[in-house]
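The values are calculated or read from the model by the stated rules, or taken from the named source; none is laboratory data. What you see is a predicted model; the values in this text were computed from it and never measured. Glycine gets a Cβ as well: all are built from the backbone with ideal geometry, and neighbour counts include every protein chain shown.
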Amino acid sequence: MSLRAVIVKNILFFSAFISAAVTLGIFVFMAVLGLPLFREGLFLDMLSQPWMPHKNSYGIRPMILSTLSLSFLSVLIAFPLSLGCAAFVSVISPGKAGRFVKSMVGLMTGVPTVIYGFIGVFLLAPLVRDISGRGSGMCILTAAILLAILVSPTMILLFSSAFETIPEGYLRAVDALGGSTVQKFIYVILPHSWKGVLAGVTLSLGRAIGDTMIALMVAGNAVASPASLFDPARPLTSHIAHLIAADFNSLEFKVLFLCGMALYLFTLLSAGLVNILSSGKKKEAL
Amino acid sequence: MEPSVKISIRELSFFYHRTQVIDSLTCRFRENGITAITGPSGKGKTTLLMTLNRLWEDTPGAVMTGEILIRFKERVTNIYDPRVSLPWLRKKVGMVFQTPNPLPMSIYKNTAFPLMLAGIKEKPVIEERVRQALEMTFLWDEVKSRLNRDARTLSGGQQQRLCMARALVLDPEVLLLDEPTSSLDPRSLSMIEALLTHLKKDRTIIMVSHYLDQVKRIADQMMALS
């Protein structure tokens, strides 16, 4: 092997090593800083107790519940819309109109989340306030709608690329048998691309869990477990972003690392699921 | 259009991105029997088939002029009349492709698929027609014990006979075949030829074929595109 090849190989190896190490390193960092919590046996208490600093209770149950309800609700809202949009783009109108919509969706992926936050604060929150007739309008529902808009491009693009991998022969067969476009979609395309659809949903869930800006700006910031759609909430991400404690030795501060670990695990789970799904897809292609 | 004529093509021209593949073709196909279309590659044989069930219409850059009339049992129809519905036309004019293209579902569901598309829901009716279609293509005895298996587990020849059964289950008046035996072993080939000889008695079959011996064996008329 020439010297150049050796150098290039080592550079590539080093880059790969760094990316893997950083991912792992962050987890170790959080684990080490959160270690005192484990040592003091407070771990499970923290996960299950409410956040009441004045009573010396620093549990993150409300944040975990907020994160889960917010992310699942947003995916629930985004799913039918994205499925319809992807079907339009790839199946029903793949020509000019479809290409135009797809390029708009591509643009949407580049919109900074803070812009969605703005729209939430000035447009959506007042509307939700008027409809619900209570609170500031900054609540789970408002944040979930915005998060749905945020994650829908991911879903649409993944769905539509799954729809477009259907072998031409299948589509021809349905056409020649007198199937309509809708029948083609329901009976052949959708059953054939469920893995891609599931991967899109899971990846979007990961994005929704990890988003901070919308959670921070429009979810309402209340540290109570949300009981209805119109309740304000503070998800894990926004709780960390607040960095409330000044005393590095306080429990209040240490709990942030627990939040980080919980988030990390949630996203790790969804990323792992996507990996399993896409490796299954490769096998089938062979 | 005389009573013995099933399909009448007038002044048919076809272009793909301004390249002309068919140049003002006028011809007639008799009712029942097999018409073989032969000729070198690129002369529009498959395209001609696809003008008869309008399957070319989704192809980008394709343009067709001319007129095609088919004498269906109900009436003589200009198949490019805007009032003609595509699902209706394609139920009357079935098509089987060069490479077998079973759908990713069971043998039974593949055969029943056109019935489902047509909105037929009665289970006994579907079961009966599936059995008839599979019997017609000599497939029933081979698959009756494994109807719920994925159709893609069948051999190439069986897959093609399944596609035939699928095209026949709606009892089309016209059957378009695009080199249906080119990818098959001799045994499947002779089975399909036997099937076609049986079918041509009460069906109009238009078949693209490269094999002159096959054309001689089963075709009633021949049309060379050159």
Qualifying residue in the range A:96-105 (condition: within 18 Å of A:I145 (Cβ to Cβ) and touching a residue at least 12 places away in the same chain (Cβ under 8 Å)): yes
Selection status of A:V223, part of a loop (DSSP other than H, G, I, E, B) and either more than 14 Å from every other protein chain (Cβ to nearest Cβ) or among the hydrophobic types (A, V, I, L, M, F, W, C) (or both): yes
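Can you find, within the range A:186-199, the residue that is nearest to the other protein chains (Cβ to nearest Cβ) among those that are under 24 Å from A:P153 (Cα atoms) and surrounded by fewer than 20 Cβ atoms within 10 Å (Cβ to Cβ)? First the steps, then the outcome.
Step one: of the range A:186-199, the residues under 24 Å from A:P153 (Cα atoms) are A:186, A:188-199.
Narrowing the set further to residues that are surrounded by fewer than 20 Cβ atoms within 10 Å (Cβ to Cβ) leaves A:186, A:190-192, A:194-195, A:198.
Values: A:I186: 11, A:L190: 12, A:P191: 7, A:H192: 6, A:W194: 11, A:K195: 13, A:L198: 17 Å.
So, considering only residues that are under 24 Å from A:P153 (Cα atoms) and surrounded by fewer than 20 Cβ atoms within 10 Å (Cβ to Cβ), the one nearest to the other protein chains (Cβ to nearest Cβ) is A:H192.
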The range B:156-186 - residue that is out of contact with any Leu (no Cβ under 9 Å at 6 or more places or on another chain) and either buried (at least 23 other Cβ atoms within 10 Å of the Cβ) or modelled with pLDDT of 90 or more (or both) and, of those, farthest from B:T51 (Cα to Cα): B:Q159
Residue match in the range B:152-160 (condition: basic (K, R) and farther than 18 Å from B:F113 by Cα): no
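Considering only residues that are assigned to a helix (DSSP H, G or I) and either within 13 Å of chain A (Cβ to nearest Cβ) or over 15 Å from B:T137 (Cα atoms) (or both), which ones fall in the range B:180-200? So that I can check it myself, show each step before the final result.
Residues of the range B:180-200 that are assigned to a helix (DSSP H, G or I), as a first pass: B:186-200.
Hit for the range B:180-200 is B:P186, nothing else.
From the list A:T113, A:T165, which residue is of a type in the set (V, I, T), out of contact with any Pro (no Cβ under 9 Å at 6 or more places or on another chain) and closer than 30 Å to B:V93 by Cα? Step through it out loud before you land on a result.
Details: A:T113 fails: closer than 30 Å to B:V93 by Cα.
Going through A:T113, A:T165 in turn, just one is of a type in the set (V, I, T), out of contact with any Pro (no Cβ under 9 Å at 6 or more places or on another chain) and closer than 30 Å to B:V93 by Cα: A:T165.
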From B:L177, B:L170, residue being in contact (Cβ under 8 Å) with a residue 40 or more places away in the chain, in a loop (DSSP other than H, G, I, E, B), within 12 Å of another protein chain (Cβ to nearest Cβ) and among the aliphatic types (A, V, I, L, M): B:L170
Filtered residues of the range B:131-148 (kept if in contact with a helix residue (DSSP H, G or I) (Cβ under 6 Å, 6 or more places away or on another chain) and either of a type in the set (K, R) or within 14 Å of chain A (Cβ to nearest Cβ) (or both)): B:A133
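Condition check ((1) of a type in the set (D, E, K, R); (2) over 19 Å from B:M222 (Cβ atoms); (3) within 14 Å of another protein chain (Cβ to nearest Cβ); (4) in contact (Cβ under 8 Å) with a residue 12 or more places away in the chain) across all residues:
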{"position": "B:L49", "(1), (2), (3), (4)": "no, no, yes, yes"}
{"position": "B:N53", "(1), (2), (3), (4)": "no, yes, yes, yes"}
{"position": "B:I70", "(1), (2), (3), (4)": "no, yes, no, yes"}
{"position": "B:R83", "(1), (2), (3), (4)": "yes, yes, no, no"}
Hey, A:G106 in contact with a strand residue (DSSP E or B) (Cβ under 9 Å, 6 or more places away or on another chain) and either assigned to a helix (DSSP H, G or I) or crowded, with 22+ Cβ neighbours inside 10 Å (or both) or not: no
A:L269 part of a helix (DSSP H, G or I) and either touching a residue at least 12 places away in the same chain (Cβ under 8 Å) or not assigned by TED's automatic domain parsing to the domain that holds A:P112 (or both): no
Within the range B:101-144, considering residues that are in a helix (DSSP H, G or I) and among the hydroxyl-bearing types (S, T, Y), the one surrounded by the most Cβ atoms within 10 Å (Cβ to Cβ): B:T111
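Within the range A:71-90, is there a residue that is surrounded by fewer than 16 Cβ atoms within 10 Å (Cβ to Cβ), more than 29 Å from A:A241 (Cα to Cα) and touching a residue at least 60 places away in the same chain (Cβ under 8 Å)? Outline the logic, then answer.
Of the residues in the range A:71-90, the ones surrounded by fewer than 16 Cβ atoms within 10 Å (Cβ to Cβ) are A:72, A:76, A:80-81, A:84.
Of the ones still in play, those that are also more than 29 Å from A:A241 (Cα to Cα) are A:80-81, A:84.
After this cut, where a residue has to be touching a residue at least 60 places away in the same chain (Cβ under 8 Å) as well, the list is A:81.
Among the residues of the range A:71-90, at least one is surrounded by fewer than 16 Cβ atoms within 10 Å (Cβ to Cβ), more than 29 Å from A:A241 (Cα to Cα) and touching a residue at least 60 places away in the same chain (Cβ under 8 Å), which makes the answer yes.
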Options A:T181, A:T212, A:T142, A:T202: the member that is within 14 Å of chain B (Cβ to nearest Cβ) and of a type in the set (S, T, N, Q): A:T181
Evaluation of B:K91 against (1) within 14 Å of another protein chain (Cβ to nearest Cβ); (2) farther than 30 Å from B:T153 by Cα; (3) not small (G, A, S) (one fails), failing number: (2)
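When you go through B:K121, B:K109 one by one, which is the residue that is among the basic types (K, R) and within 10 Å of another protein chain (Cβ to nearest Cβ)? Break it down stepwise before answering.
Values: B:K121 fails: within 10 Å of another protein chain (Cβ to nearest Cβ).
Going through B:K121, B:K109 in turn, the sole match is B:K109.
This table checks each residue for (1) aromatic (F, W, Y); (2) surrounded by 20 or more Cβ atoms within 10 Å (Cβ to Cβ); (3) touching a strand residue (DSSP E or B) at 6+ places or on another chain (Cβ under 6 Å); (4) in contact (Cβ under 8 Å) with a residue 24 or more places away in the chain.
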position	(1), (2), (3), (4)
A:G120	no, yes, no, yes
A:I131	no, no, no, no
A:G135	no, no, no, yes
A:I145	no, yes, no, yes
Exclusive hit being more than 30 Å from A:G34 (Cβ to Cβ), among the polar types (S, T, N, Q) and over 20 Å from the mean Cα position of the chain (by Cα), set A:S225, A:S279, A:S250: A:S279
